[in-house]
Amino acid sequence: MSGFMQGCRRRLSLVFERIDGFLSLSERDLDIESRRRVRLLNWGGVVLAMLLLFWLVNQIAYAAWPLAAWQAGLLLATIGVMVAVRRATRFSVWAHLMCLAMVGAAFSATAYSGGLTMASLSLLLAVPVCAVVLAGIGGLWWTLVVVGGVSWMGCAEAHGVVFPFLTPEDWRLFDTVMTWLTSFVGITLMFSYNHAICARAERDQEAALAEARGVSESKTRFLSSLNREIREPLHHILGIMVLLKDEPSTERRRELGREARGIGQALVAGVEAILRLARDEHLLEVQRERLAGEPRLEGVAVIQGEVGSQPPARRVLVAEDDPVGRRMLARILTDLGCEVVETSDGRAALQALRDGGFDLALVDCGLPEMDGLTLTRELRRFEAEARGERTGVFGMSAERGMQQEAACREAGMDGFLPKPFGRREIEALLNRARRGPIPG
């Protein structure tokens, strides 16, 4: 029995989904608000058409042929509006046309049902209520139309005009009950479906926001990868240029030149691929961001740390897994008068820093074995336990931005150096390191 009930629920749910897809024009590319209005318009048309059809059958049953013909015309007009909505874009126009059909149906029923009675007034009251649901704030204008029509009919009755009651006397009680029921059912269906549509629109909005957040996160990941794919080759080329300047061996210079050319060709291919993607505007939307804080030298983001105001450091640890970048950095630091110790992985760098004797460490954030952020956390924990001197640590990464700088700050680094960089940026960084008195 439970399986049968579950099957019935699934079939009923499938029917409702198909009805909703038909009413919301799921085959058309509409925004959430337009789809909400389309659902309301089509649902209002369905309700009005069902009520008109019901009244048409009743009027045919008791041979009220003029009223039956009028209601049949309104039914065809309502169906025509629903068909037009499936291809139109100006939904407010069709909403007001449907309101016009409602007004025509209500006043014709009133005029051929004995004029202004309590039952007919309830039917006329339903018109502006449904008009506001269908047409929004613009539906209030139909209140004036209804008030004007009721006033005219009231004045006509006051001057002796008698509106006919086409329903046979035996059916008049039934007609009155059906009029009240029509008013109640019409208002109830419109408000209940309007509430359901608003809830559906909220769910659609939440789904759209979730999708937008997913797209934004994908863009962020893509741009982060893109940042690294461009900056790393540029950093390699700059490093090769530094090495070429002082390389005495002709063969070695040629080898470095070939290496730079290969990196440059790979970079050009990557940039061309990016430009192809950029032609599709919805794939890339780059937003510039400025690092907060006082203006500093371009390319250097300095994090305030617990360091003094003395001259630059002299003994420097370079932890970089890329051999070209490591040699370039060592050459620049040597030219600036520093003693350089090189290492290519995080664990070796951490051990060297624990052994002490360094004024400054330049650490790549993406080191093998142990990344630069983890290395710095371990070093700060060791320094706190040993109560030793604090070593200045600056991170290096091709991922540039406030997020990367914040990660370095959280790990305990004293600064962040985005790649690519050159002699000027290193010199500026050394001036900002201010580790302490420099041994002569």
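The values are calculated or read from the model by the stated rules, or taken from the named source; none is laboratory data. Everything numeric here is computed off the predicted structure, so don't read it as measured data. Using ideal geometry, Cβ is built from the backbone for each residue, glycine included, and neighbour counts are taken over all protein chains shown.
Pull out all pairs, ordered by first then second residue, where Cβ-Cβ is under 6 Å, the residues are six or more apart or on different chains, the first lies in segment 408-424 and is under 14 Å from Gly325 (Cβ atoms), and the second is part of a loop (DSSP other than H, G, I, E, B). Matching pairs, first to second residue: Pro418/Arg400; Lys419/Ala398; Phe421/Gly299. Scanning segment 131-155 for residues being over 14 Å from Leu121 (Cβ atoms), over 42 Å from the mean Cα position of the chain (by Cα) and touching a residue at least 40 places away in the same chain (Cβ under 8 Å) gives a total of 1. When restricted to residues that are hydroxyl-bearing (Ser, Thr, Tyr), assigned to a helix (DSSP H, G or I) and surrounded by fewer than 17 Cβ atoms within 10 Å (Cβ to Cβ), segment 88-121 contains 1. Any residue in segment 147-168 that is surrounded by 16 or more Cβ atoms within 10 Å (Cβ to Cβ) and closer than 30 Å to Cys198 by Cα? No, every residue in segment 147-168 fails to be surrounded by 16 or more Cβ atoms within 10 Å (Cβ to Cβ) and closer than 30 Å to Cys198 by Cα.
Quickly run through segment 313-339 and pick out the residues that are buried (at least 20 other Cβ atoms within 10 Å of the Cβ) and over 23 Å from Lys245 (Cβ atoms). Answer for segment 313-339, where residues must be buried (at least 20 other Cβ atoms within 10 Å of the Cβ) and over 23 Å from Lys245 (Cβ atoms): Ala313, Leu317, Ala319. In segment 327-353, the residues that are assigned by TED's automatic domain parsing to the domain that holds Glu383 and among the polar types (S, T, N, Q) reach residues that are part of a helix (DSSP H, G or I) and surrounded by fewer than 18 Cβ atoms within 10 Å (Cβ to Cβ) with C-beta atoms within less than 8 angstrom, at least six apart or across chains, in these pairs: Thr343/Ala352; Ser344/Pro323.
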